[in-house]
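Report on the structure given below.
The values are calculated or read from the model by the stated rules, or taken from the named source; none is laboratory data. Here the structure is a predicted model, which means the values were calculated and not measured. As a convention, Cβ positions derive from the backbone with ideal geometry for all residues, glycine included, and neighbour counts pool all protein chains shown. All accessible areas refer to the heavy atoms of the entire protein, side chains included, with ligands and DNA or RNA removed. Shrake-Rupley method; radii C 1.70, N 1.55, O 1.52, S 1.80 Å.
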Amino acid sequence: MILAAGRGERMRPLTDVQPKPMLTVRGQPLMQWPMQALACGGFTRQLINTAWLGEKISTHFGRQLVRPGLPTADLSYSHEGQDFGHALETAGGIVRALPQLADVFWVVAGDVFAPDFVFSANAVQRFAASDELAHLWLVPNPAHNPGGDFGLSANGRVLNLPKGASGCDYTFSTIALYKRSFFADCGLPAGNPAGTALALAPLLRAAMDRGLVSGEVYAGAWTDVGTPERLAQLNT
């Protein structure tokens with residue numbers, strides 16, 4: 001699942017006329033980078049959620065992503081804006097899409113640039129065989145998030161630590177694997193028919209407190225394309 005429903009307020013005025021994940025990075029839409037990487041790893045069934053200017057995403061990509069040298073990816077959409085008039089936040093959007101997702105599935109934000117990340121079948125197999133409900137890839141805290149999001153234990157458990165606390169050394173890259181069962185107790189039925197907005201972070205932190213979230217550090221290039229300045233830097 002590629003998350004592409006956000007408004008991108010900090011990127012205005014660029015996002016007044018274009019969905020943030022469709023902004024150009026190095027010659028192609030930002031969200032196309034993870035879509036291609038997923039296809040390269042063999043993950044060719046991809047679902048995109050949309051809200052703000054979502055029709056521009058589905059019009060551009062259509063039902064398939066075809067790139068030379070890569071397997072063809074079959075695309076489907078969860079049009080939150082069209083169906084409900086607003087975005088459902090991350091967890092609400094995932095639950096909306098659950099009927100179309102596998103028992104174990106990737107989620108990546110369409111507005112993060114991580115060109116070196118490898119989506120591997122081995123990672124899926126290891127996670128599927130584990131007791132964890134989620135597996136997160138973390139990055140060392142960038143300059144724009146010095147207080148961090150989470151900690152990481154020596155045995156690979158992601159730790160629910162307050163921002164700025166000792167050991168809160170990592171920022172969530174947005175790249176993760178989840179099991180459908182992670183969302184079983186979120187309070188929403190699969191498919192989210194009422195279109196309820198629900199944040200992901202509280203669910204993750206609750207699962208961390210139960211020891212059910214594993215993680216690892218991703219050391220490759222990574223940019224949260226959250227400001228026009230960061231976008232310009234990538235394209236320089």
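Would you kindly state how much longer the chain becomes between Asp131 and Thr24 on full extension, computed as 0.36 nm times their sequence separation minus their alpha carbon distance, in nm to one decimal? Let's see the in-between values first.
Details: separation 107, 0.36 × 107 = 38.52 nm, distance 3.91 nm.
Residue separation times 0.36 nm, minus the Cα-Cα distance, leaves 34.6 nm.
With n ≥ 4 as the cut-off for DSSP H runs, can you work out [θ] at 222 nm for the chain, using -39500 (n - 2.57) per run divided by the number of residues, rounded to the nearest 500? Can you show the working numbers first?
Values: 7 runs with 55 residues, N = 236.
Computed mean residue ellipticity for the chain: -6000 deg cm²/dmol.
Residue by residue through region 21-28, what is 3J(HN,Hα) from phi via Karplus (6.51 cos²θ - 1.76 cosθ + 1.60, θ = phi - 60°)? Round to whole Hz and write x for glycine and proline.
Values, residue by residue: x, 9, 5, 7, 10, 6, x, 8 Hz.
Beta carbons within 10 angstrom, averaged per residue: use that to sort the peptides 43-51, 111-119, highest first.
With the highest mean Cβ count within 10 Å placed first, the list reads 43-51, 111-119.
Each residue of region 230-236 in turn: what ³J(HN,Hα) in whole Hz from Karplus with 6.51, -1.76, 1.60 and θ = phi - 60°, glycine and Pro shown as x?
With the stated coefficients, region 230-236 comes to 5, 4, 4, 4, 5, 9, 7 Hz.
Run the 1.4 Å probe and let me know the accessible area of Ser214, rounded to the nearest 10 Å².
Ser214 has an accessible surface of roughly 10 Å² with all protein chains in place.
Collect residues whose amide H, placed 1.01 Å from N in the peptide plane, falls under 5 Å from the amide H of Leu200; neighbours closer than 5 in sequence don't count.
Counting only residues 5 or more places away or on other chains, the set is Thr90, Ala91.
So for the chain, averaging the separation of alpha carbon pairs under 8 Å that are six or more residues apart and normalising by length, what relative contact order in percent results?
In percent, rounded to a whole number, it is 24.
When the accessible area of region 20-84 is computed with all protein chains present and a 1.4 Å probe, what percentage of it is carbon and sulfur?
Answer for region 20-84: carbon and sulfur cover 49 percent of the accessible area.
What fraction of the DSSP beta bridges in region 100-217 is antiparallel, stated in percent and rounded to the nearest 5?
75
Set Lys and Arg Cβ to +1 and Asp and Glu Cβ to -1, take the dipole of the chain about its Cα centre, and tell me which of Gly148, Asn235, Gly215 lies farthest positive.
Highest projection toward the positive end goes to Asn235.
Taking a probe of 1.4 Å, how large is the accessible area per residue of the chain, in Å²? Don't skip to the end; give the middle numbers.
Working: 10580 Å² over 236 residues.
Dividing the accessible area of the chain by its residue count gives 45 Å².
Looking only at Cα atoms, what is the convex hull volume of region 125-208 per residue, in Å³?
Spelled out: Cα convex hull of region 125-208, divided by residues, is 112 Å³.
Where both partners of a DSSP beta bridge lie in the chain, what percent of those bridges are antiparallel, to the nearest 5?
If we restrict to bridges inside the chain, about 55 percent are antiparallel.
Can you tell me which lysines have their Cα less than 16 Å from the Cα of Lys20? Leave out same-chain residues fewer than eight positions away.
Lys56
Starting from the Cα-Cα distance between Glu229 and Ala190, subtract it from 0.36 nm times their residue separation and give me the gain in nm to one decimal.
Extra length available between Glu229 and Ala190 comes to 10.2 nm.
What is the set of long-range amide H partners of Leu159 at a cut-off below 5 Å, with H atoms built 1.01 Å from backbone N?
It is Gly151, Leu152, Ser153, by chain and number.
State to the nearest 20 debye the size of the charge dipole of the chain about its Cα centre, where the only charges are +1 on K and R beta carbons and -1 on D and E beta carbons.
Dipole magnitude for the chain comes out near 240 debye.
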